[in-house]
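Encoded as structure tokens, the structure appears first; notes follow it.
The values are calculated or read from the model by the stated rules, or taken from the named source; none is laboratory data. Everything numeric in this text was worked out from a predicted model, so none of it was measured. All Cβ positions, glycine included, derive from the backbone under ideal geometry; neighbour counts span all protein chains shown.
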Amino acid sequence: MADEAAASAGDSSQKTAERATRRSRAYRGGQLVAEDFPLADVSDWIEHPDVAVWFDLEDPTSQELENLREELGLHSLAIEDATHMRQRPKLDRYEGHLVLSAYRVKAIGDGELDAAMVLAFLTPHALVTVHQPGALDVAGMLKRWDESPDLLHLGMPFLIYGMLDYIVDGYFDALQTLDDTIENLSDLIFETANGKESAVALRQTFELRRDLLTARHVMSPMREVVNSLMRRDWNLDAELMPYYQDLYDHVLRVADWADSLRDLLATVRETQLTIQGNRMNLIMKKVTSWAAIIAVPTAVTGFYGQNVPYPGFSTTAGFWTSTGLILGLSAVLYMEFKRRDWL
């Protein structure tokens, strides 16, 4: 038991040590001056007026969030948002800092989307990102910053732009996947060899509808978020303003694309219902035609089954007469229905 307790304590210590190793960067005058420093050093770095600090908290503990609150003087409600990662995309304003909620969206299958929330605490000199494991591709975001070294001197506004631009670019990839899937679905619904294709198309339609609803819920509010950053919350440098305008344009395009895909999917669904209705009409037409043909022998045999004398009663000629009438009239009806494409 003692050995098990010691092993458990060792695993706990190892996990704590792993969590203590966080990604972080400090930029001064557009130059990277420090990297992978602990959370306790953030307050020291932001005391310098020309420094921009980024710190990433992946799957933070409650103690780390409390330490973050003390380091940056964050509001308790802002910290509460970090413990419930189910917020809508928004930008909350508190005294001395902002809290930005956004969602990373990526395609993980044939038309299936995965959305994960990323929370960012924004101060004049610090950007702290909080997210669940795997929610944010930190390496991809850092690459986005490193690809524009000539803009790093703009400090925090550029770091925020780089983060949002990376997230919004992921929206285009996700919507392109949905667009391709809807196009394939449009081809599938016209395959009418049997009922299997119809069932597959119906299931895909509802799955796509669910994913499109998710996409619209997390993408459309980003217009308000980016617009607030541009108009009210940052005094953007003239050099950086075109980049934020381009980001806002991308957000508008994403929102319009999501709405267009929703309309396209609705059209696909209406087409499915139309095809099903036409197929049902065809089936009913064929059934009715065969019922009309079957009614001929029923009428003839019913007539000849009367218990009253008639021409050919109780004779061989009467049998052949009734048989000839059945075959002849049925053949005439069959050819007429075939000519009208009812069979």
Practice task
Taking the residues in segment 235-254 that are part of a helix (DSSP H, G or I) and in contact with a helix residue (DSSP H, G or I) (Cβ under 6 Å, 6 or more places away or on another chain) as candidates, determine which candidate is farthest from ARG144 (Cα to Cα).
Solution key: VAL254
Exercise for the section: Please determine, by comparing only the residues of segment 309-321 that are surrounded by 14 or more Cβ atoms within 10 Å (Cβ to Cβ) and modelled with pLDDT under 75, which one is nearest to the chain's Cα centre (by Cα). Expected result: GLY318
Exercise for the section: Go through segment 112-146 and count every residue that is closer than 25 Å to TRP257 by Cβ and part of a loop (DSSP other than H, G, I, E, B). Expected result: 4
Exercise for the section: Considering only segment 33-45, state which residues are out of contact with any helix residue (DSSP H, G or I) (no Cβ under 8 Å at 6 or more places or on another chain) and either buried (at least 17 other Cβ atoms within 10 Å of the Cβ) or assigned to a helix (DSSP H, G or I) (or both). Expected result: ASP41, ASP44, TRP45
Exercise for the section: Determine if segment 46-61 includes at least one residue that is part of a strand (DSSP E or B), loosely packed, with under 15 Cβ neighbours inside 10 Å, more than 22 Å from the chain's Cα centre (by Cα) and not aromatic (Phe, Trp, Tyr). Expected result: no
Problem - Tabulated pairs, segment 203-231, first within 24 Å of ASP92 (Cβ to Cβ), second hydroxyl-bearing (Ser, Thr, Tyr) and outside any helix (DSSP H, G or I), C-beta under 7 angstrom, 6+ apart or interchain - result: VAL218/TYR103
Fill in the blank from the handout: Inside segment 274-304, the number of residues satisfying the requirement of being aliphatic (A, V, I, L, M), over 14 Å from LEU329 (Cβ atoms) and touching a residue at least 40 places away in the same chain (Cβ under 8 Å) is 1
Handout entry: Selection count where residues are over 16 Å from ARG209 (Cβ atoms), within 18 Å of the chain's Cα centre (by Cα) and among the small types (Gly, Ala, Ser), scope segment 254-280
Key = 1
Handout entry: Flag for PRO124 being surrounded by fewer than 19 Cβ atoms within 10 Å (Cβ to Cβ) and in the same structural domain as ASP169 (by TED's automatic domain parsing)
Key = yes
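Let's see how each residue does on (1) part of a helix (DSSP H, G or I); (2) surrounded by 19 or more Cβ atoms within 10 Å (Cβ to Cβ); (3) among the charged types (D, E, K, R); (4) at pLDDT 75 or above:
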residue	(1), (2), (3), (4)
ASP173	yes, no, yes, yes
THR192	no, no, no, no
SER198	yes, no, no, no
MET230	yes, no, no, yes
Exercise for the section: Answer yes or no as to whether SER8 is part of a helix (DSSP H, G or I), modelled with pLDDT under 90, of a type outside the set (A, V, I, L, M) and in contact with a helix residue (DSSP H, G or I) (Cβ under 7 Å, 6 or more places away or on another chain). Expected result: no
